[in-house]
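Here's the structure, in C-alpha cells; my notes come after.
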Amino acid sequence: MASGRDWREGFVELWPTTFVQRRLADCEAPNQELLGLVRDMERENRDLTTDYRTPDLFNRDHPAVNWLRAGVNDTVVGYLRHIGIDYPIDWRIHGWPSVNRFGDYHDAHNHPRAYLSGTYYVTIPKSREKLKTRGDLRPGCITFYDPRPGVNMTAIKGDPYVNPEYTVTPEAGMLMMWPAFINHFVHPNLSKQIRVSISFNIVLKWSDDYLPDQG
C-alpha cells in the first residue's frame, strides 16, 4: 500500500482562474485629477458610460492618466509572471470611464477580443440611501461568476465549488484585473453620490510566438 505522502503528491489543481486585486500607492492626488478629467469628458459625451468604444482614455497625455497607465502596465507584468509566461508579450490598453449615478448598474457581461480586463476605482460613495427593500443587496459591488456553468450543483459543505460567484466591495484606489472571458456584474449604485471607475482591456498585439506548443 502506498504511503500517505506518496498519494498526496498525486493531487493536481486544474483550471485555475487568476485575479489581481491591489491598491495603487499614492492614489489620492491622481484620483482627484482623474475625477475632474472624467467629469469634463462627460460634459462632452453624455453617453460616456455606455459608449465604451469611443473615449479611449489611455490615448490621452495627461499626468493622472500617465500615472494610471503605469500602474496598469506594472500589474500586467506581474500577472503574466505569476501565471508563468516567461517570454516577451506586447499589448495595448484600451480604457473608458464609467460614471454610475443612483440606480445605475452593468448587466453581466465579459469583454470579447481582449486577453485581460480590469477596472480602476476613482471614487466610491461613502453612503447609501435608506430604502425599504430586501436586505441582501450589494450596492456598488462587482461580482464575478465561475466560468464553468453548474460546477456547484453537486457541491457539499467544505469543498471549493460551493460558491459559484466572487463578490468584491471596491474602494477608491483599488485596481482589479482578470481574464477577459469571465462574466461579471456591477451591482446598482444606491447612493446619491456618483461612483466613478475606469474600465480597461489588455489587447495583445498578436505574434505567432504566442501560439501554444501542443505537440
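Every number in this text was worked out from the coordinates using simple rules, so none of it is lab data. It should be emphasised that the depicted structure is a prediction, and the values quoted were computed from it without experimental measurement. No Cβ is skipped: glycine too gets one built from the backbone with ideal geometry, and neighbour counts run over all protein chains shown.
So here's what we get for this one:
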quantity: C-alpha long axis of helix 63-82 to longest principal axis of the chain, angle in °; calculated: 10 degrees
quantity: Tilt relative to the chain, helix 28-44 - C-alpha long axis, 0 to 90 degrees, to 10; calculated: 60 degrees
quantity: Charge dipole of the range 18-205 about the Cα centre (unit charges at C-beta), most positive-ward option of Pro188, Phe144, Asn110; calculated: Pro188
quantity: GNM top mover of Ser191, Ser117, Ser127 - the chain, alpha-carbon springs below 10 Å; calculated: Ser127
quantity: Unit charges on C-beta of K, R, D, E only; dipole of the chain, Debye; calculated: 940 debye
quantity: For the chain, built as a Gaussian network whose Cα springs stay under 10 Å, the top-fluctuating residue of Asn152, Asn183, Asn100; calculated: Asn152
quantity: Lys/Arg +1, Asp/Glu -1 at C-beta; the chain dipole; positive extreme among Val99, Trp67, Tyr87; calculated: Val99
quantity: Spread of Cα-to-Cα distances over 10 Å intervals beginning at zero, given as percent, for the range 99-215; calculated: 12, 34, 30, 18, 4, 1
quantity: Listed residues Pro30, Trp178, Pro212: farthest to the positive end of the dipole of the chain (Cβ charges); calculated: Pro30
quantity: Projected area averaged over orientations for the chain, convex hull of C-alpha atoms, nm²; calculated: 16.9 nm²
quantity: 5 angstrom amide H check on Ser199, placed H, neighbours 5+ away; calculated: Trp96, Ser98, Tyr120
quantity: Karplus (6.51, -1.76, 1.60) ³J(HN,Hα), θ = phi - 60°, over the range 177-184, in Hz, Gly and Pro reported as x; calculated: 8, 7, x, 5, 7, 6, 6, 8
quantity: Most mobile listed residue (Trp15, Trp178, Trp96) in the chain, GNM with C-alpha springs under 10 Å; calculated: Trp15
quantity: Helix-derived mean residue ellipticity, 222 nm - over the chain, DSSP H n ≥ 4, -39500 (n - 2.57), to 500; calculated: -6500 deg cm²/dmol
